[in-house]
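The structure under discussion appears below in the form of structure tokens.
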């Protein structure tokens, strides 16, 4: 079946179901826990239709999930249709129930993705349109996370291969969006790509440790140190390495990140963080093809942001807002400033109390050196890339969630439409997940 046929068929089914068939079904659905309650959920693959802690959990839990995305892109680097898929497995062992080690858990997860990269093939944006499953590769089999987490009173310690994005720079109202602009702070997400594959997050994760200390009901602090080179070195710029590896060395160094969180009352969070790479990075990070580029040791940045409830209908239903600002060292980083902001409404309709609708905008600023290099290869460089996203997430059952999505991206990869190489992109998509939790 042609991908275009798949796209329009799925979109039609989704809209028909949302418009006519769901109110009766939704009234009987129990509300599940927010996926972000359990940090073993990969943020990059959210939203999930069922939480790992659903019901009375067994000491051994296995979640299997299929995530699919059908897209139509107009503009960008190429107009066309695309379909991507992700097969995910997460094994979680509660050591308290299994072995008597109170407060501990083992988590191991891996995935396989298939399909042409939406961003690399069609959109060409720095803030990729599909953060959940796009890996810039036609197929990729990868160990995603493998760690042990131990709670000791108010202290939580994690050691292993981990996704920092599940722990740092996140607020719950952001989780409905699919564009990378809202995954976490973009200056951090794009950092380290000059030879280091970016920070330890989907799809490239690194070995390290994290410690979180809860001071009281309102304040907590956390610190993580991970390998500066997430997985193996990139053979092709922008394409993830095809195998997991651990690379400790003076050249790659480490990535350290610290964050302070303040939650003055329910549904409100204020956060501030600082991060630093200790390895060598190319000064001209905007040009991945440049050989023997001048290098600098250390790259750093910071972010501040938060989220709050603006209006409550009842219980979890209501309107939430978020905003995040990020800065980064302009001498080595692709972008030196970023901001994202948005509104998320949970349970807008009485018959759909768990549905979420989100409207957001994300903006990143290109460094002067990156704009100079873009101009040198024929792209009239813009200072900013801007994403607008409107999305609606509906859980149809315990095993199925669908999410129609529309995005408009101005100046993808900071290119001006007048250059004739990259146009502003209008992207339509349907994201869906099918999954089941097994108590072993």
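The values are calculated or read from the model by the stated rules, or taken from the named source; none is laboratory data. Values in this document were obtained by computation on a predicted structure and should not be read as measured data. When we count neighbours, we look across all protein chains shown, and the Cβ atoms used for this are built from the backbone with ideal geometry, even at glycine.
Residues are listed down the side, and each one gets a yes or a no for (1) crowded, with 19+ Cβ neighbours inside 10 Å; (2) in contact with a helix residue (DSSP H, G or I) (Cβ under 8 Å, 6 or more places away or on another chain); (3) at pLDDT below 95; (4) closer than 30 Å to residue 354 by Cβ:
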position	(1), (2), (3), (4)
229	yes, no, yes, no
243	no, no, yes, no
248	no, no, yes, no
261	yes, no, no, yes
281	yes, no, yes, no
297	no, no, yes, no
315	no, no, yes, yes
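Taking residue 330 as the residue in question, decide whether it is farther than 22 Å from residue 408 by Cβ, in contact with a helix residue (DSSP H, G or I) (Cβ under 9 Å, 6 or more places away or on another chain) and at pLDDT below 90. It is true that residue 330 is farther than 22 Å from residue 408 by Cβ, in contact with a helix residue (DSSP H, G or I) (Cβ under 9 Å, 6 or more places away or on another chain) and at pLDDT below 90. Among the residues of the range 405-413, is there at least one that is in a helix (DSSP H, G or I), buried (at least 23 other Cβ atoms within 10 Å of the Cβ), modelled with pLDDT under 95 and within 21 Å of the chain's Cα centre (by Cα)? Scanning the range 405-413, I find at least one residue that is in a helix (DSSP H, G or I), buried (at least 23 other Cβ atoms within 10 Å of the Cβ), modelled with pLDDT under 95 and within 21 Å of the chain's Cα centre (by Cα), so the answer is yes.
Kindly indicate whether residue 119 is buried (at least 23 other Cβ atoms within 10 Å of the Cβ), over 13 Å from the mean Cα position of the chain (by Cα) and farther than 28 Å from residue 261 by Cα. Give the steps one after another, and end with the answer.
Details: buried (at least 23 other Cβ atoms within 10 Å of the Cβ): yes; over 13 Å from the mean Cα position of the chain (by Cα): yes; farther than 28 Å from residue 261 by Cα: yes.
So residue 119 passes the test.
Given the residues 138, 173, which is the only one that is in contact with a strand residue (DSSP E or B) (Cβ under 6 Å, 6 or more places away or on another chain) and either crowded, with 22+ Cβ neighbours inside 10 Å or farther than 30 Å from residue 310 by Cβ (or both)?
173
Being touching a strand residue (DSSP E or B) at 6+ places or on another chain (Cβ under 7 Å), under 18 Å from residue 277 (Cα atoms), surrounded by fewer than 23 Cβ atoms within 10 Å (Cβ to Cβ) and at pLDDT below 90 holds for only one residue in 195, 209, and it is 195. Could you tell me whether residue 96 is within 21 Å of residue 156 (Cα to Cα), over 22 Å from the mean Cα position of the chain (by Cα), at pLDDT 55 or above and surrounded by fewer than 17 Cβ atoms within 10 Å (Cβ to Cβ)? Here the answer is yes, as residue 96 does meet what is asked. Applying the condition of being under 23 Å from the mean Cα position of the chain (by Cα) and farther than 19 Å from residue 139 by Cα to the range 55-76 and asking which residue is modelled with the lowest pLDDT yields 76.
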